[in-house]
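The values are calculated or read from the model by the stated rules, or taken from the named source; none is laboratory data. Predicted model, so just to flag it, every value in this text is computed and none were measured. A quick note on method: Cβ atoms are made from the backbone with ideal geometry, for glycine too, and the neighbour counts reach across all protein chains shown. In case anyone asks, the SASA skips ligands and DNA or RNA and just uses the protein heavy atoms, side chains included. Shrake-Rupley method; radii C 1.70, N 1.55, O 1.52, S 1.80 Å.
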Amino acid sequence: MAANSTRQKLLCLIDDIEIVSKELFETMSTPKNQLRPDGADTVMLMELLVEKDKEIKSTLKIAEEQAEIQTVMDSLKTQVDKRDIEIKILQKNLKESETILSTAVYQAQQKLESINQANTKKISSEELIKFAHRISASNAVAAPVTWAPGDPRRPYPTDLDMRQGFLGQGTYTDTLAVSRSNSQISNVSETNSTPVSSNSLSWQHPPEVSITSSISHHAISDFKGHNKENEEIELMSSDSSSSSSSDE
Amino acid sequence: MAANVAENELNFLPSIYEGIKSIEKDSHDMNQKLTDLKSQFQKARECVDKLPGVQYSKEEQLKRIDILRKQLISKQELLQKYRNLTNFDLET
């Protein structure tokens, strides 16, 4: 509280009036012959009281004005607080948008970088198409649309491809054996001018062939024609038809 | 409203006059009058404590209201500035 505030002034005035009134009552209650010669005069005290009362009245007027000012101040304060809140919200929103924009700028820069990289290492579309042709010309990627059994074009890696591949050069004995047997099968199918039906079986797995009951013995002999053992089997099977039924 | 109440509470002269009268008459209710006056002083002090806006002197209060007005104007300007920020100046 300020030392010279209106409240302090009023309280001081009240104190003054209390003291003066006490003094007045004391002077009035003491008999006149006992009064001190240097004592305060009652008239003087009364005048002082009236003066103080006037002072109080004028100070109260000021207080009234101050109360009005206070109401204006209060409304101003609420307005200022409202603005403060609005400013805070706006600042928060601005900060948020700043972070969003900064991430967007960062991403855009990254994209620009990749665009620049692409521009420096230009590859013409023709070259790309040529490369694609080179890959798909040997039908290594997908079978030709018109492919049918007996078609020499293959929708799978050829023996040559396999040998060149990682598996063909691998250290595994198993894989080597597989590749060898594959080569035999492919050799057979390539060298023999076999009918369509037998050729269709040529890329099937050998055990599957032996299981299939509907296959003719002739087809089997064609399939394993070059092997000596197979030749013997062929002779045996051709000798008696019962042996084939026993196989079943 | 509060000022009117305070004016009544702080009007001591009639009570003091009553006191003087009772002293002059040397009546029995003198003590009672004096206690009443004392309690009136106490009430007046409490009333002054409750008066709004008297915690500052008038000059100080005017200074404060001036500061508040300036604050409000500056905050208003800041808000306006923030609101205008949404229009990006693409030419710069």
### HN-Hα J in Hz across region A:62-71 - Karplus 6.51, -1.76, 1.60, θ = phi - 60°, x for Gly and Pro
4, 4, 4, 4, 5, 5, 5, 4, 4, 4
#### Entry: Cross-link pairs A:Lys95/B:Lys81; A:Lys77/B:Lys43; A:Lys88/B:Lys75; A:Lys22/B:Lys33; A:Lys32/B:Lys21; A:Lys52/B:Lys33 - those with Cα-Cα distance over 19 Å
A:Lys77/B:Lys43; A:Lys52/B:Lys33
### Task
For every other residue with a beta carbon closer than 14 angstrom to the beta carbon of B:Arg83, add +1 if it is Lys or Arg and -1 if Asp or Glu, then tell me the sum.
+1
### Query
Pulled fully out, how much extra length does the chain show between A:Val105 and A:Trp147, if you take 0.36 nm times their separation in residues and subtract their Cα-Cα distance?
9.8 nm
## Note on the structure
Gyration tensor on Cα atoms of region B:1-55, a ≥ b ≥ c root eigenvalues, a/c under 1.5 rounded, else prolate if a/b beats b/c, else oblate, says prolate
### Task
Apply the Karplus parameterisation 6.51 cos²θ - 1.76 cosθ + 1.60, with θ equal to phi minus 60°, to every residue of region B:6-23 and state each ³J(HN,Hα) to the nearest whole Hz, in sequence, with x for glycine and proline.
4, 4, 5, 5, 8, 8, 8, 4, x, 5, 5, 4, 4, x, 4, 4, 5, 5
### Query
Rounded if a/c is under 1.5, else prolate if a/b is larger than b/c, else oblate: which is region A:4-96, with a ≥ b ≥ c the root eigenvalues of its Cα gyration tensor?
prolate
#### Entry: Partners for A:Lys54 among lysines (Cα-Cα distance below 18 Å; same-chain residues under 8 apart left out)
A:Lys9
### Task
Can you pull out the buried accessible area for chains A and B, both sides counted, probe 1.4 Å, rounded to the nearest 100 Å²?
4200 Å²
### Centre separation in Å (Cα based) which lies between region A:84-150 and region A:14-79
89 Å
## Note on the structure
Cβ-Cβ cut-off under 12 Å around A:Val145, Lys and Arg +1, Asp and Glu -1: the net charge is 0
#### Entry: Sum of side-chain charges, B:Arg69 neighbourhood, beta-carbon under 14 Å (Lys, Arg +1; Asp, Glu -1)
+3
### Query
Relative to the longest principal axis of chain B, what angle (0 to 90°, nearest 10) does the C-alpha long axis of helix B:58-84 take?
20 degrees
